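Participant: My structure is below; once you've seen it, I'll send some questions.
Bear in mind these aren't lab numbers, they're just calculated from the coordinates by the rules spelled out. This one's a predicted model, so the numbers in the text were calculated from it and none came from an experiment. Note that each Cβ is placed from the backbone with ideal geometry, even for glycine, and that neighbours are counted across all protein chains shown.
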Amino acid sequence: MDAYAQIVFLSLAVTVVGIAVYTDARSRVISNRLTLPAMICGVLLQGLTRGPEGLVYALQGAVLGLLVLLIPVLLGGMGAGDAKLLAAVGSLAGPGITGGTFFFSVLLAGGLGLWFYFARGWRKGLPYAPCILLGLVITLVAVFAQRSGQPWGLY
């Protein structure tokens with residue numbers, strides 16, 4: 001894939017998740033008006049830039065993002081907007097970045113949840129979109145650091 005196209009796709013993913021953080025923190029809702037166009041945009045852009053391979057890549061990422069959060073959604077542990085947001089990230093960034101984002105977001109959400117529960121006695125649910133954003137950023141830093149050949153890409 002063209003490096004510039006990849007930067008555009010990843011920038012779009014970060015932007016979409018950033019908007020979702022704002023709406024999730026403010027109203028506890030991640031709108032379909034944000035996630036569905038982002039998913040469609042990811043599939044179309046991947047298809048236009050990479051052909052059929054890109055379509056498969058985007059669909060793999062979207063399905064992975066949706067499936068990994070499906071059980072918590074079905075159990076009532078989080079809203080469907082969170083799963084659709086991760087699916088939108090998947091369509092824009094692909095399955096590898098989506099898997100890393102999920103991994104780090106779960107670690108962050110678990111740590112924050114425990115901290116809020118024990119340190120503050122807070123028993124309300126946490127907005128999950130900020131954890132997805134931080135998980136995405138951590139994943140991107142790790143990927144770019146690995147590709148740069150330098151420890152954490154700082155040199």
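Participant: With springs only between Cα atoms under 10 Å, which of THR23, THR35, THR139 fluctuates most in a Gaussian network model of the chain?
Facilitator: Of THR23, THR35, THR139, the most mobile in the Gaussian network model is THR23.
Participant: Right, another one. Taking neighbour Cβ counts within 10 Å as the exposure measure, how do ASP2, ASP24 sort from fewest upward?
Facilitator: Taking fewest neighbouring Cβ atoms as first place, the list is ASP2, ASP24.
Participant: Right, here's the next one. Could you work out how far apart the two model spin labels at PHE118 and PHE144 are, taking each label as a point 7 Å from the Cα in the direction of the beta carbon, and quote it in nm?
Facilitator: If labels sit at PHE118 and PHE144, their model points lie 3.4 nm apart.
Participant: I want to check the label-to-label distance for VAL73 and THR15. Put each point 7 Å from Cα in the C-beta direction and report it in nm to one decimal.
Facilitator: Taking the simple label geometry, VAL73 and THR15 are separated by 2.4 nm.
Participant: Of all the Cα-Cα pairs you can form in the chain, what percent are over 26 Å apart?
Facilitator: 25
Participant: Ok, one more. Which longest run of the chain has no exposed loop site in it, a site being trypsin sites (Lys or Arg not before Pro) in a DSSP loop with at most 10 other beta carbons within 10 Å, and the site itself not part of the run?
Facilitator: 1-122
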